[in-house]
Structures are given as C-alpha cells and as structure tokens.
Amino acid sequence: MKEIQEYEKDLASIRNIMERSSKFLSLSGLSGVLAGIYALAGATVAYFMVQYPHSPFRYRLISIQQPSLLVQLVGLALVVLVASLSTGIWLSLKKARKHGVSLYSALSRRLAISMAIPLVTGGIFILIMLNAGHLGLAAPACLIFYGLALIQASPNTVDEIRYLGYSEIVLGLVSAMLPGYGLLFWAIGFGVLHIVYGAIMHNKYDK
C-alpha cells in the first residue's frame, strides 16, 4: 500500500513537471481581476464622456462626430490597456519568482507571439474602421479579436484562458447585432468576464 502511494506521488510530480515545461503557468489570476476593475473604471469614464445623462442600458443611436472625442476615447482605451498589461506583468513576475521559475523563457515568448498576431491585426482593423466611420463595430471587433488571441494562446497556458476566449467571441458577436449597446458589452467583456475568470484562476492556481 505504501509503495502504491509513493508511486502515485511520483506520477503526480512527473505530471506537474511536464505541465510546467509545456505550459506557461505564471499568469496571475489577480491580474485578471484588476484588469476587469480597470476596464469597468474606463467604461464608466467613457459613459460620462459620450452617453450621460442617458441610461447605460439604453440603446444608443447617436454616433460620435467630434474627432477630438474619438481621440480621447482611444486614449482612454490605451490607458486601460497599459495599466492592465503593467499589472499583469508585475504580478506574473512575482508569481514566477515565488515558484522559482523565469518569466522570460521560450514558452513565454511563444505565448506572447501567439497573442500578438490576432491583437495587432485586430488593432489595425479597428483603427481602419474608426477612420472609415464604422464606430458601432469597434466594440464587437475588440471583443472578437481579443477572444481569438486568447484561444490562439491557450495551448501554451491554463485551460481557463481558452474558455474566456470563447466567451469573448460569443459576446462580441452578440454585440455586433446590437451596436447601440457597444459600451455595455465592452464593459461586460473586458470588465465582468475578466473579474470572474480572474477570480477562478486565482482560487485555482495562485494559492
């Protein structure tokens, strides 16, 4: 009986080593929660910039005509993005040091490249749409391309990332059918979903 228990323990150790060598496990669930909070804060600021005093749940048909306002909204999105990335890198670095592994490895570079291709493509596509005046599809495109990036990167990290990607894509497609609710869907996708999945990952992997 004792030999069987030791055998199972050895198998678990081998499985853990193989998983760590093939998947990037230093992603911090807490960074996902904080990214969601940043996104909700950014969505709140955007609401006061473009929709207040109308309800955020009201279908919005008014387009943004002022180029200066559009630039401010893009700048706001960049601030949220930079804050989220900075927090994610910092917390993942702390987690990597805690487990005695390097954050910068061939695996992490592969993960970054996998995500960068859909994200850069999507970013360029969204800027083209904004320049052409197709503002109602900007939020759906953000969600869809982000979801594709997560799915593309998921083989190199934890399974929850893939499910988050599926959720973002579905939400983006629904948002494309209801462009007047773009800000609300953006807040749900980048805010609420990040908080939910971040909390799941924190409870499962950060202990």
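Would it be correct to say that Leu150 is of a type outside the set (Lys, Arg), touching a residue at least 24 places away in the same chain (Cβ under 8 Å) and either out of contact with any helix residue (DSSP H, G or I) (no Cβ under 6 Å at 6 or more places or on another chain) or under 19 Å from Gly42 (Cβ atoms) (or both)? No.
With respect to (1) on the phi > 0 side of the Ramachandran plot; (2) touching a Lys or Arg at 6+ places or on another chain (Cβ under 7 Å); (3) not β-branched (Val, Ile, Thr), the lone exception for Gly133 is condition (2). Ala176 falls short of the stated requirement of being more than 23 Å from Leu91 (Cα to Cα), crowded, with 18+ Cβ neighbours inside 10 Å and over 11 Å from the mean Cα position of the chain (by Cα).
Yes or no, residue by residue, for (1) exposed (fewer than 15 other Cβ atoms within 10 Å of the Cβ); (2) of a type in the set (Gly, Ala, Ser); (3) within 20 Å of Ser154 (Cβ to Cβ); (4) at pLDDT below 75:
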residue	(1), (2), (3), (4)
Leu76	no, no, no, no
His99	yes, no, no, yes
Arg109	yes, no, yes, no
Ser114	no, yes, yes, no
Ile128	yes, no, no, no
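Looking at the stretch 142-176, which of its residues are out of contact with any Gly (no Cβ under 6 Å at 6 or more places or on another chain) and of a type in the set (A, V, I, L, M)? The answer is Leu148, Ala149, Ala153, Val158, Ile161, Leu164, Val170, Leu173, Val174, Ala176. Among the candidates Ile37, Ile89, which residue alone is modelled with pLDDT of 75 or more, more than 17 Å from Leu183 (Cβ to Cβ) and among the β-branched types (Val, Ile, Thr)? From the options Ile37, Ile89, the qualifying one is Ile89. The combined condition, being modelled with pLDDT under 80 and surrounded by fewer than 20 Cβ atoms within 10 Å (Cβ to Cβ), is fulfilled by Tyr104.
The values are calculated or read from the model by the stated rules, or taken from the named source; none is laboratory data. Computed from a prediction, not measured in an experiment: that's the story for all the values here. When we count neighbours, we look across all protein chains shown, and the Cβ atoms used for this are built from the backbone with ideal geometry, even at glycine.
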